[in-house]
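Structure first, commentary second.
The values are calculated or read from the model by the stated rules, or taken from the named source; none is laboratory data. Only a predicted model underlies this, so the values are computations on that prediction, with no experimental measurement involved. Cβ: placed from backbone, ideal geometry, glycine included. Neighbour counts: every protein chain shown. Only protein heavy atoms, including side chains, enter the accessible area calculation; ligands, DNA and RNA are left aside. Shrake-Rupley method; radii C 1.70, N 1.55, O 1.52, S 1.80 Å.
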Amino acid sequence: MSTTAIQPHGSHGHSGSHGMGVGEFVRTYVFSLDHKIIGLQFLFSTLLWFLVGGLLALGIRWQLAYPWHDMPVIGRMLFSAEGGQISPEFYTTLFTMHATVMIFFVIIPILAGAFGNYLIPLMIGADDMAFPTLNMLSYWFMWPAFFFIGMSFLWPPYGAGGGWTSYPPLSVVWDAAPGSHWPQTLWLLGVTCVGISSMLGSVNYMTTIIQMRAPGLTMFRLPLTIWAMFITAILQAFALPVLTAAGFMQLTDRTLGTGFFLPEGLVVNNSLPATGGGQPILWQHLFWFYSHPAVYIMILPAMGMVSDIIACFARKPIFGYKPMVYSISGIAGLGFIVWGHHMFVSGMNPFLGMTFMVSTMMIALPSAVKVFNWLGTIWGGKIQFTTPMLFALSFVSMFIIGGLSGIFMAATPVDIFIHDTYFIVAHFHYVLFAGTAMAVFGSIYFWFPKMFGRMMDESLGKVHFFLTFLFLNGTFFTMHILGAVGFPRRLADPYDYETFRHLLPMNQFMTWCAIGMVATQVIFAFNFIRSIFFGQIVGRNPWGANSLEWMAPSPPGHGNFDFQPIVYRGPYEYGSPEVDTDFYPQTQPPPADPAKRYKDPHH
Amino acid sequence: MGRFWSLLFLMVPILGVLCFVWAMAGFWPMQNHWLPENIGGADAHAIDGLFLFILGLTGVIFVATGLVFFWFLWKYDAAVTTEPVKYFHGSHQLEVIWSIIPAAALLFIAIFQMSVWANTKIKRPELSPGVARPALAEITGRQFEWRIRYAGKDGIIGTEDDVFKVNDLHLPINEDVVLLIKSQDVLHSFFLPHLRVKQDVVPGMQQFVWFQAKRPGTYDIVCAELCGWGHYKMRGRFVVQNRAEFDKWLEQAWQEQEVSSFALPAGE
Ligand code: HEM
Ligand SMILES: [Cu+2]
Ligand SMILES: [Cu+2]
């Protein structure tokens, strides 16, 4: 299908790998300024953290299925001190660190860091980011974050234990929780460094997308991936300063006794009375002012990439390009005024709850519009069920579930009952795992040939998809049912309560699904690593796609393009009557003969 | 393979609905895998009603979108379809329709439920117009127990005749009950699953919850907000009994109370 000759390795540019000095190796692959290397660095780091996060999750699931039983294999690997049994202290650190790793070290950096870096310059026809040094720093600021979080695992009880939301006073008072000693301080430092990294990245993305588009590439000819990355960068730029400030406030509360989040005279666990004058709920406002927009930081890029994959394999233009752009923007805008829906029962003024309820209901609207447009896109296409397409389709199917469960929780009276139960856990795993993580898998399969010049194995990919899809629904769909019973989250042993005692078998079923799900990822790891070295070599455009990155060599050399891309149209012109192929690259000039040009019947 | 994958996606709405129906019907092995017994008053039942209403509404959308999704995948499978690709970029009309209808539905839900929210969180029961009903007891969450201080015979919290208990809450049946809840150390959440009541308790603040309990029996008090390593064992019980039994129990608890050794500071 490829239009251009196969170029397995960037033929132009400099250095082959032979005879490369140490200094040059370090400049090319370690402290690289090249957005593609930085993107891959993010990709490899986050995939490793994905493994860590997954194992931590198995720890949680083990305890919920077999409370106080020795955990085989992983138990000894993770916490040999306890001889494989999960203590209640360690359970709090398991769920805290699982969520922290998955959110701050996997999902956010894999979307913006790995795919944002790799794809933005390529998809807009630029040779690199606007600020390559800033870009390099954004990766290297992840390392202090890795260091701090890594260190936090070293002090008993081996990780912070205040939840990923880190609510004071538990997270502030030194002796309030076992994990409130050094691990909590290191947690704060780690998360702050991730924030700095994202901040550096987002400034760069905005500038690059505004300034460095190829000639002819207007804003409304941008792929939706780029639109999503652009809006995400804006979200990060506006929301992150608040989290950073809040993080520092919590840090000074812990270390200098400032008391932003502690009421006067508070004594926890025989601590000295707090000087106080603060408000625990203030933290929740600041935290969610960042973290609600952050949930869209964690899904908008996925939505963008899914749109590109679906249009490509439906071989049809995206349905409603502009409504898609508007709904991304709408989600982002509304995303700033819904944070209070995490606080309906927090003690916040109940009148405020009403306004947050209305804005939260309204944010489901652009989400629905996006789903309808994806359905419109596959309607009347010629659907190719490739591995990336299967993952993208499952994103749509699963996001419907996550979006609909959001409506239950947005309804304040219903949220009274389901808040802090497994219903919430079900909701955010449908949007984050069944949604975003599946989109990430699809995107890896889709852009792998561009990154490495080789294909991943399709059959293994499909087995990987099938098993992951099955097990993830077994694990997470059942959580809705637990939520309906009121089964609370974050309990080391929920079966102490008579109300929930009979839910143990269901939890065991879920745990085995989760074990199957994690085990399935071995297939992915094998396929990924093997394909880097032995995958089938491909040309520039193995999928027959339109956007600019597919016009560059695979993998692109330093400087990306071996010609100056000039853009004539949007990226979704599949099946256009103007050409004989079923795709129509953005750089291909229109037919010289005006009679052959397509005239839209509506204009 | 397109056939296979389309059918796989068809399983999502089918198994999804089946799973919910199974749980609601309580078939083996999912007995009692649904909303726990509701022993509350009108507000608690309104919450269940809303839950079911939203379940119905979202269920219809879930099934409809799932079927449409399946049908498109099935019909436009490249291996099967003979139709040429429909080359077009969308429809303004459709966009308007599928924006307005969900917007109206969502706004309706939002407005429809406001009165339930107001009843449960804003309009505290009154003895007579303008006179709020006083709290029956003050409940203080602390790591890792619920300390309960009954107003006692005089109906006022903070007086000599207060009765102290830990994790053991007694409530009169069929009456408006108001409880004052607060925290002594970190955040906790006072969760009564069978009454559909939940409220975080926040150090430095005091809050009220109110409800009616309509069925005698013993039920769980759950802590629903992470409060430390012992969060899971912060379990209380509440006993619903008729007024006479309740008064008798309180009187007896007062008699048995060892008051000489400690005097707690008065509640606010
Ligand atoms: C259809 C749109 C959505 C609506 C109406 C919605 C609504 C809500 C509400 C009301 C809550 C708070 C529930 C509670 O704690 O009681 C919540 C929690 C959450 N949502 Fe969503 N949501 C939507 C989409 C998303 C998306 C797209 C994501 C992420 C990609 C997401 C991620 C989360 C997370 C992570 C939490 C829980 C955080 C925690 O407590 O640990 N949501 N959502
Ligand atoms: Cu939110
Ligand atoms: Cu608790």
Practice task
Give the calculated FRET efficiency between B:MET24 and A:GLN85 to the nearest 0.05, with a Förster radius of 51 Å applied to their Cβ-Cβ distance.
Solution key: 0.90
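Ignoring ligands, DNA and RNA, what accessible area per residue does the protein assembly as shown give at 1.4 Å, in Å²? If you can, show how the numbers build up before the last one.
Details: 31170 Å² over 871 residues.
Per-residue accessible area for the protein assembly as shown comes out at 36 Å².
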Practice task
Would you please give the residues with an amide H less than 5 Å from that of A:PHE319, counting only those at least 5 places away or on a separate chain, with H modeled from the backbone geometry?
Solution key: A:THR377
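Between rounded, prolate and oblate, where does region B:112-252 land on the alpha carbon gyration tensor, with a ≥ b ≥ c its root eigenvalues, rounded for a/c under 1.5, else prolate if a/b exceeds b/c? Spell out each step's value before the answer.
On the way: a/c = 1.38, a/b = 1.10, b/c = 1.25.
Rounded, because the longest to shortest axis ratio a/c is under 1.5.
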Handout entry: Residue among A:PHE287, A:THR386, A:ILE328 farthest towards the positive dipole end of region A:287-421, charges placed on Cβ
Key = A:THR386
Handout entry: 3J(HN,Hα) from dihedral phi, region A:471-481, Karplus parametrisation 6.51/-1.76/1.60, rounded to Hz, x for glycine, proline
Key = 5, 5, 5, x, 6, 9, 5, 4, 5, 4, 5
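Compute the relative contact order of chain A as a whole-number percentage, counting only Cα pairs closer than 8 Å that sit 6 or more residues apart in sequence.
Details: 1054 pairs, mean separation 108.1, N = 603.
It rounds to 18 percent for chain A.
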Handout entry: Descending semi-axes in whole angstrom, ellipsoid equivalent of chain A, from the Cα gyration tensor
Key = 41, 26, 24
Fill in the blank from the handout: Ranking B:PHE164, B:TRP146, B:TRP249 by how far each Cα lies towards the positive end of the charge dipole of region B:133-259 (+1 on Lys and Arg Cβ, -1 on Asp and Glu Cβ), the top one is B:TRP146
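Which FRET efficiency value, to the nearest 0.05, do you get for A:MET151 and B:THR82 by plugging their Cβ-Cβ distance into 1/(1 + (r/R0)^6) with R0 = 60 Å?
Numbers: r = 62 Å, r/R0 = 1.03.
Result of the calculation: an efficiency of 0.45.
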Practice task
Measure nothing but the geometry: give the 0 to 90° angle between the long axis through the Cα atoms of A:321-335 and the longest principal axis through the Cα atoms of chain A, rounded to 10°.
Solution key: 20
Problem - Cα-based Rg of chain B normalised by 2.2 N^0.38 Å, two decimals - result: 1.41
Completion exercise
Phi angles of region A:550-558, converted by Karplus (6.51 cos²θ - 1.76 cosθ + 1.60, θ = phi - 60°) into ³J(HN,Hα) in whole Hz with x for Gly and Pro, give 7, 8, 7, x, 10, x, x, x, 4
Exercise for the section: Note the angle between two axes, namely the Cα long axis of helix A:35-65 and the longest principal axis of the Cα atoms of chain A, as a number of degrees from 0 to 90, rounded to the nearest 10. Expected result: 40
Handout entry: Centre separation in Å (Cα based) which lies between region B:1-53 and region A:428-459
Key = 31
Exercise for the section: Give me the distance in nm between label points sitting 7 Å out from Cα along the Cα-to-Cβ direction at A:ILE537 and A:TRP68, one decimal. Expected result: 6.2
Practice task
Could you list which residues have their amide H under 5 Å from that of B:ASP77, counting only those 5 or more apart in sequence or on another chain, with H placed in the peptide plane?
Solution key: A:ILE383
Practice task
Please calculate the 1.4 Å probe accessible area of A:TRP283, with all protein chains present, and give it to the nearest 10 Å².
Solution key: 0
Fill in the blank from the handout: Interface buried area A-B, accessible surface with 1.4 Å probe, both sides summed, nearest 100 Å², comes to 9000
Fill in the blank from the handout: Taking the dipole of the protein assembly as shown about the Cα centre (Lys, Arg +1; Asp, Glu -1; charges at Cβ), the one of B:ALA135, A:GLY113, A:GLY474 that reaches farthest to the positive side is A:GLY113
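Would you please put A:215-225, A:382-392 in order of how densely packed they are, using the mean number of other Cβ atoms within 10 angstrom per residue and starting with the highest? All intermediate terms of the calculation are to be shown ahead of the outcome.
Numbers: A:215-225: 19.0, A:382-392: 24.3.
By packing density, highest mean first, the sequence is A:382-392, A:215-225.
Counting only other chains, what is the mean number of Cβ atoms within 10 angstrom of the Cβ of each residue in peptide B:214-226?
Working: counts 0, 0, 0, 0, 1, 3, 6, 1, 11, 5, 9, 10, 16.
Neighbouring Cβ atoms belonging to other protein chains average 5 per residue here.
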Handout entry: Among B:ALA64, B:ALA44, B:ALA78, residue whose mean-square fluctuation peaks in a GNM of chain B (springs only between Cα atoms under 10 Å)
Key = B:ALA78
Exercise for the section: Would you mind checking the tilt of helix A:182-211 against the longest principal axis of the Cα atoms of chain A, expressed as 0 to 90 degrees and rounded to 10? Expected result: 20
Handout entry: Inter-site label distance for B:ASN167 and B:ALA104 at 7 Å from Cα along Cβ, in nm
Key = 5.4
Handout entry: Reachable lysines, given that their alpha-carbon falls under 16 Å from the alpha-carbon of A:LYS316 and they are not under 8 places away in the same chain
Key = A:LYS382, B:LYS75, B:LYS86
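Go through A:VAL30, B:VAL21, A:VAL369 and list them by solvent-accessible area, largest first, probe radius 1.4 Å.
Values: A:VAL30 40, B:VAL21 75, A:VAL369 15 Å².
Order by accessible area, largest first: B:VAL21, A:VAL30, A:VAL369.
Please compute the contact order of region B:1-106 in relative form: average sequence separation of alpha-carbon pairs under 8 Å and at least six residues apart, divided by the residue count, as a percent. Each step should come with its number before you reach the end.
Values: 42 pairs, mean separation 41.5, N = 106.
Reported relative contact order: 39 percent.
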Exercise for the section: Give the cross-link partners of B:LYS198 among the lysines, using a straight C-alpha distance below 29 Å as the criterion and excluding same-chain residues fewer than 8 apart. Expected result: B:LYS121, B:LYS123, B:LYS153, B:LYS165, B:LYS182, B:LYS214, B:LYS233, B:LYS248
Fill in the blank from the handout: Under a 1.4 Å probe, counting only protein heavy atoms, A:CYS513 has an accessible area in Å², nearest 10, of 20
Practice task
Can you grab the distance from the C-alpha centre of region A:554-603 to the C-alpha centre of region A:147-189, Å, no decimals?
Solution key: 54
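Among A:LYS599, B:LYS75, what's the order by accessible area (1.4 angstrom probe), most exposed first?
Numbers: A:LYS599 145, B:LYS75 70 Å².
In descending accessible area the options line up as A:LYS599, B:LYS75.
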Handout entry: Kyte-Doolittle at least 0.5, axis length at least 24 Å by Cα - qualifying DSSP helices, chain B
Key = B:2-25, B:42-75, B:92-112
Exercise for the section: Please report how far the C-alpha centroid of region A:190-250 lies from that of region A:271-309, rounded to the nearest whole angstrom. Expected result: 16
Practice task
List every residue whose amide H lies under 5 Å from the amide H of B:HIS170, counting only residues 5 or more places away in sequence or on a different chain, with H placed 1.01 Å from N in the peptide plane.
Solution key: B:VAL239
Handout entry: Peptide B:89-97 - average C-beta neighbours from other chains (10 Å radius)
Key = 6
Completion exercise
Applied in sequence order to region A:483-489, the curve 6.51 cos²θ - 1.76 cosθ + 1.60 (Karplus, θ = phi - 60°) yields integer Hz couplings, x standing for Gly and Pro, of x, 5, 7, x, 4, x, 7
Fill in the blank from the handout: Rounded to the nearest whole number, the Stokes-Einstein translational diffusion coefficient of region B:62-141 at 25 °C and 0.890 mPa s (Kirkwood radius, C-alpha pairs) in µm²/s is 131
Fill in the blank from the handout: Highest mean packing first, using Cβ neighbours within 10 angstrom, the peptides B:11-18, A:293-300 sort as A:293-300, B:11-18
Completion exercise
Expressed as a whole-number percentage, the relative contact order of region A:351-494 with C-alpha contacts under 8 angstrom and at least six residues apart is 31
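Looking only at other chains, what is the average number of their beta-carbon atoms within 10 angstrom of each beta-carbon in A:477-489?
On the way: counts 5, 4, 0, 5, 8, 2, 0, 9, 7, 11, 4, 11, 3.
Mean number of neighbouring Cβ atoms from other chains: 5.
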Handout entry: Per-residue SASA entry for B:GLU126, accessible area with 1.4 Å probe, Å² rounded to 10
Key = 100
